[in-house]
Amino acid sequence: MYTQSRVAANAYANVGLETGVLAASPHQLIIMLYEGAELAVRMAIKHMNEGDLARKSAAITKASTIILEGLSAALDARQGGDLANQLAALYDYMNKRLMLAHLNNQTAPLEEVLGLLRELHGAWKQIGFKGQSAAASLQPIAA
């Protein structure tokens with residue numbers, strides 16, 4: 001019976017996540033990708049420290065997939081210009097650090113990637129906050 005409850009809870013969580021993704025703006029989707037990548041890296045560190053190599057590997061793979069197939073794939077070099085190119089290079093660097101951590105079973109490269117993700121995530125959230133503030137100031141005030 002517990003297994004059925006767990007399956008139901010997981011299905012509910014997946015529906016909630018899918019609904020959140022479908023309702024999210026492009027800006028919110030990038031925030032979700034950063035959050036997912038950060039969580040995966042934190043889990044990789046945890047599993048590495050616990051000696052659980054299979055889960056460490058899965059977490060690093062997940063982080064790498066989010067960075068390469070999510071964040072990097074979302075870049076538009078034509079519209080983003082130099083900034084998009086610099087971010088692409090940074091994402092490539094992060095992926096190399098993830099692979100180094102995986103191969104050498106070291107947490108230091110994971111900590112470095114986590115720090116970079118946090119910094120970018122924070123900057124991205126500030127961009128959204130400032131954009132929302134600017135949009136709110138353009139709204140007509142009801143009399």
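The values are calculated or read from the model by the stated rules, or taken from the named source; none is laboratory data. Quantities reported herein were computed from a predicted structural model and do not represent experimental measurements. With ideal geometry, Cβ positions are generated from the backbone for all residues, glycine too; neighbour counts draw on all protein chains shown. Calculation scope for accessible area: heavy atoms of the full protein, side chains included, ligands and nucleic acids excluded. Shrake-Rupley method; radii C 1.70, N 1.55, O 1.52, S 1.80 Å.
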query: For the cross-link pairs 46/96; 96/125; 56/125, which exceed 23 Å when the distance is taken from alpha carbon to alpha carbon?
result: 96/125; 56/125
- line: Taking placed amide H atoms and a strict 5 Å upper bound, the residues 5 or more places from residue 107 or on another chain that come that close are none
- request: Provide the per-residue ³J(HN,Hα) series for segment 69-84, in order, calculated from phi with Karplus coefficients 6.51, -1.76, 1.60 and θ = phi - 60°, each as a whole number of Hz, with x at glycine and proline positions.
  value: 8, x, 5, 5, 5, 7, 5, 10, 4, 5, 7, x, x, 4, 4, 4
Label-point separation, residue 86 to residue 32 (7 Å along Cα→Cβ), nm: 2.8 nm
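In what order, largest first, do 96, 56 sit by accessible area if the probe radius is 1.4 Å?
On the way: 96 125, 56 10 Å².
Largest to smallest exposure gives the sequence 96, 56.
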message: Once ligands and nucleic acids are excluded and a 1.4 Å probe is used, how much of residue 116 is accessible, expressed in Å² to the nearest 10?
response: 40 Å²
Residue 118 accessible area, assembled protein chains, probe 1.4 Å, Å²: 120 Å²
query: Got a sec to turn the phi values of segment 29-44 into Karplus ³J(HN,Hα) couplings, 6.51 cos²θ - 1.76 cosθ + 1.60 with θ = phi - 60°, whole Hz, x for Gly and Pro?
result: 5, 5, 4, 5, 5, 4, 4, x, 5, 4, 4, 4, 5, 4, 5, 4
- request: Report the extension gain between residue 99 and residue 118 in nm, rounded to one decimal, defined as 0.36 nm multiplied by the number of residues separating them, less their alpha carbon distance.
  value: 4.9 nm
